[in-house]
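S.K.: Handing you this structure, nothing more for now.
The values are calculated or read from the model by the stated rules, or taken from the named source; none is laboratory data. Since the structure is predicted, the reported quantities are computational estimates derived from the model, not experimental observations. Cβ sites come from the backbone with ideal geometry, for glycine too, and all protein chains shown count toward neighbours. Quick note on the areas: whole protein, heavy atoms, side chains included, nothing else; ligands and nucleic acids left out. Shrake-Rupley method; radii C 1.70, N 1.55, O 1.52, S 1.80 Å.
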Amino acid sequence: MFGQGLLKGLQITLQELFTKKVTVQYPEESLPLAPRFHGEFVLDVEQCIACSLCANACPNKVIEIETAKLDKKRVLTGYMMRLQYCLFCGLCVEACNKGAIRFSQKFEMAKYFRDQIPLILYKGEPPVQEEQGNTGITAGEAEGTEV
Amino acid sequence: MPGSSIPSTVIDGLKDKFPAIEVSENLTITVPEAELLSFMRELRDNPDYDFNFLTNLTAVDYPDNFTVIYNLVSFKYGYTLMAKVNLGKDEPAVSSLTSLWGSADWQEREVYDLFGIIFTGRHNLTRILLEDGFAGYPLRKDFQWVGGRE
Amino acid sequence: MLRTEEITLNMGPQHPSTHGVFHVVLKMDHEVITEARPICGYLHRGIEKLAEARTYTQFIPYTDRLDYLAAMLNNTGYVQAVEKLMEIEVPERAEYIRVICCELSRIASHLIAVGTYSVDIGGITGFMYCLRDRERIMDLFEMVCGSRLTLSYMRIGGVAEDLPDEFIPALCQFLDEMPSRLDEYDGLITGNEIFQARTKHVGLLDPGVAINYGISGPNLRASGVFWDLRKNRPYSVYDRFDFEVPLGKRGDCFDRFTCRIKEMRQSLKIIRQAVEQLPEGPVMAKVPKVLKPPAGDVYHEIEGAKGILGYYVVSDGSNKPYRIHVRRPSFINLGFLNELCKGWKIADVVAILGSLDIVLGEVDC
Amino acid sequence: MDVTREQHPIEKMTNDSSLIQQVKRVIHLAPLEKIFNLARGYSLWPLGFGLACCAIEGLMATNAPRFDLSRFGYEVLRSSPRQADVMLVAGTITNKMAPYVVRLYEQMPEPKWVIAMGSCAISGGPFVDSYYVVPGADKLIPVDVYVPGCSPRPDAVLHAFMMLRDKVQGKVVLENAR
């Protein structure tokens, strides 16, 4: 009979009227995010040993690490992620042995200006030079990706 | 994997018919360019092989030569076969297989677009992915370009 | 028949029914299509060239962006190709997790295909229902790997992380509820007379021609050709599952559509078996930190959501691939569009194009 | 000063007819404009224009029941640029597509806004090194809000829409505006 399919469809949509609503009222209530969610990055500066494994694991050379030598030890002086190039794939987090770089649950990263997008996770003063240590060797430069 | 590669008896039969072909260990057949069309026609039309499905057609830019790769599947027997044609570095050209398999049409155009390999004996060999005025063939190893990174 | 002056009509690159940036130049005699010339490449990003500057692991995220509706399948195809080249044995548990994720991805992709096809034909309701259920799969993916769309979950030698504890209960709940949802789609979309009138006996695809043109996946099976790599040439652990391959009879738009709905049911069946059989154990094989496959080449095919997805990987022995080529099913399926549209009316082009279920990221690579 | 259509102050400053036209079009009555902007902020009509992966999240999933863009009044996805206010650049812009993106933007009526969604639209993203990718939508058209992510969640897109609303309604003082 013609119109049967239409009635069936209407019946289904009518049933749906009485089921639980799936809409999340976003700004007021937020969706529960999974623990593994790939949000904005956070850096545990205490843990970071400036090994630049994360920078080397990155497919798109997003991470720029600045280090300085202090008593034959590498010290982190700068950690910047150029989020505009980031794939949010998680290879850097996976590469980190110390668990220093992690994802947070923050996803509201929208900005009005492009120059605010790069995420500066750490910016420290270079340590006081006791010997003639060289500063400012960036991991990115070693790979040949100068900004 | 069951029914994946072609049995060696079939390869031997092919060798008798086309003495010029070379078969490597993993049963990849290298065909001279001149015999490609007749070899492929034999593969498709002979009921012993019945390769009715050209699944993949691509090319590689090796330091010494271009290689065009054909992957064939026989639905009847479940055989798969990889055939290769080596081409010279300057003005590479190979005969087109569009008369045998329709799926060769777009894939040949893609290879022409990205490698600049000419497929002879077909119409409408134009760029498919890039725009018509694009200079160079991007998947060649000597292709130079400037990225947009700041 | 009365002939009129030929009209050229551009459909795309920005058109709601082209599913992305795709351009068809239609030559028409009155309302009848005489030639449909597809122009693609508006999303060509040169992924194959980018692969040559990245290591084997670093290319995994780029495979997501090919067929972004079924990223897990793209991941799997690539890592299996490299594993085949390096002869890595993947742990059992990882194989099962891959199967679960792949089939979820297939369902997600088919849900988008079904939903957008419903919009193309003129019913927004079906789209809303499909997207609602797709969100649940997205939630599952987010649990597993933290992303919704671009997943990058597979690794060469296994998967990135083991399944979280809350995943299996959530998956089982999804499996319980999904069949009734599929019945809803059948009632809403498939059973609708207007939908049937616009899709039945439209865009007929002859099986012989389809094989000759390299068409694969649900589009080929809708024409009645039994060719599903999960059955015909089982890779991974697909030979351990009991499922059917749905086939169509006529090869029209309606068959291509219903094939997808039926395939979703089979995918649910596979996932259920995989969950039951899921073994314990490691999820990652022992692979070296720096992957250097032996020099050589390999071609590996899996059954993607849109058709046969093949990866051709050439290694020169270094840690970066010499060349990677992807056999993209959407690209090859689209090659037949001209012949498929010929003789049909202009409104049917939307129906035919939608039924082919192309993803432009995959077409243009 | 008596500002009429004939005697606009700009005419005293310059003879450039195109500039005079431009200024006459741009300068409006401020209080009225505030009311207009309030209304505009609550009824942005996005252009139904998807480029790549982000279109699935930014246009389809946000319109889907879970996130439901229509709660804000933004659900009217127009396929014609003539009827749209907001262009959501969702995906990679390639060299082949760039002229069309510009043309679509130019076809949109004033006032218009652009949201660059995802890494690709901000800067070329993962494909920035490619030979065929435009490194960012702002190389072609002015962008109002950038949404990092690859691809951003639908909630993040909603957040971007609300940021754009604040900008349209003039609620935020844009720091270091140029």
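S.K.: What cysteines in chain A have no other cysteine with a beta carbon less than 4.7 Å from their beta carbon?
M.R.: A:CYS48, A:CYS51, A:CYS58, A:CYS86, A:CYS89, A:CYS96
S.K.: Run through all the Cα pairs of segment C:121-216 and give the fraction in each 5 Å bin from 0, expressed as whole percent.
M.R.: 3, 10, 14, 13, 13, 14, 14, 12, 7, 1
S.K.: Give me the summed buried accessible area for the C-B pair, 1.4 Å probe, to the nearest 100 Å².
M.R.: The summed interface area works out to 3300 Å².
S.K.: Please go through segment C:280-319 and write out the GluC sites (Glu not before Pro) that DSSP classes as loop and that have at most 11 other C-beta atoms within 10 Å.
M.R.: When the GluC sites (Glu not before Pro) of segment C:280-319 are filtered for loop state and at most 11 Cβ neighbours within 10 Å, C:GLU280 remain.
S.K.: On to the next question. Take the cross-link list B:LYS17/B:LYS76; A:LYS111/D:LYS112; A:LYS61/C:LYS49; C:LYS262/C:LYS286; A:LYS106/C:LYS262; A:LYS61/A:LYS111 and give me the ones stretching past 27 Å between alpha-carbons. Walk me through the numbers before you get to the answer.
M.R.: Numbers: B:LYS17/B:LYS76 22 Å; A:LYS111/D:LYS112 18 Å; A:LYS61/C:LYS49 16 Å; C:LYS262/C:LYS286 38 Å; A:LYS106/C:LYS262 39 Å; A:LYS61/A:LYS111 22 Å.
With Cα atoms farther than 27 Å apart: C:LYS262/C:LYS286; A:LYS106/C:LYS262.
S.K.: Give the Debye-formula value of log10 I(q)/I(0) at each listed q (0.13, 0.19, 0.21 Å⁻¹), with one equal scatterer per alpha carbon of segment D:42-177, two decimals each.
M.R.: -0.49, -1.08, -1.31
S.K.: So which DSSP H runs in chain C come out at 30 Å plus along the axis (Cα) with average Kyte-Doolittle of at least 0.0?
M.R.: Result, helices passing both filters: C:92-121, C:124-145.
S.K.: Same structure again: Of the accessible area of chain B, with the probe set at 1.4 angstrom, what percent is carbon plus sulfur?
M.R.: C and S atoms contribute 49 percent here.
S.K.: Near C:MET284, within a Cβ-to-Cβ distance under 13 Å, what is the net charge of the other residues, with Lys and Arg +1 and Asp and Glu -1?
M.R.: Result for the local shell: -2.
S.K.: Ignoring ligands, DNA and RNA, how much accessible area is buried between chains C and D, both sides summed, with a 1.4 Å probe, to the nearest 100 Å²? Write out the running numbers ahead of the final one.
M.R.: Working: alone 14700 and 10840 Å², together 22600 Å².
The buried area between C and D, both sides summed, comes to about 2900 Å².
S.K.: Using a 1.4 Å probe over the heavy atoms of the protein chains, calculate the carbon and sulfur portion of the accessible area of chain A as a whole percent.
M.R.: Accessible surface attributable to carbon and sulfur in chain A totals 54 percent.
S.K.: Same structure, new question: Which semi-axis lengths, in whole Å and largest first, follow from the square roots of five times the eigenvalues of the Cα gyration tensor of chain A?
M.R.: Working: eigenvalues 484, 46, 38 Å².
Ellipsoid semi-axes (Å, largest first): 49, 15, 14.
S.K.: For Cα pairs less than 8 Å apart in space and 6+ apart in sequence, what is the mean separation divided by the residue count of segment D:20-98, i.e. the relative contact order in percent?
M.R.: Here the relative contact order equals 39 percent.
S.K.: I would also like to ask the following. For the protein assembly as shown, what does -39500 (n - 2.57) per DSSP helix run (n ≥ 4), summed and divided by total residues, give at 222 nm, in deg cm²/dmol to the nearest 500?
M.R.: Mean residue ellipticity at 222 nm (helix-derived): -10000 deg cm²/dmol.
S.K.: If I ignore ligands, DNA and RNA and count only protein heavy atoms, how much of A:LYS98 is accessible to a 1.4 Å probe, in Å² to the nearest 10?
M.R.: My reading of the accessible area for A:LYS98 is about 100 Å².
S.K.: For the Cα atoms of chain A, what angle does the longest principal axis make with the long axis of helix A:4-16, in degrees from 0 to 90, nearest 10?
M.R.: Between the helix axis and the principal axis of chain A, the angle is about 60 degrees.
S.K.: Shifting gears a bit: At 1.4 Å probe size, with every protein chain present, just tell me what the per residue accessible area of the protein assembly as shown comes to in Å².
M.R.: 39 Å²
S.K.: Turning to a different aspect of this structure: So, taking all protein chains as they sit and a 1.4 Å probe, how much accessible area belongs to B:ASP142, in Å² rounded to tens?
M.R.: 110 Å²
S.K.: Give the Rg/Rh ratio for the protein assembly as shown, taking Rg as the radius of gyration of the Cα atoms and Rh as the Kirkwood radius, to two decimals.
M.R.: Details: Rg = 27.6 Å, Rh = 28.4 Å.
The Rg/Rh ratio comes out at 0.97.
S.K.: Report relative contact order for chain C in percent, whole number only (criteria: Cα-Cα under 8 Å, sequence separation at least 6).
M.R.: 27 percent
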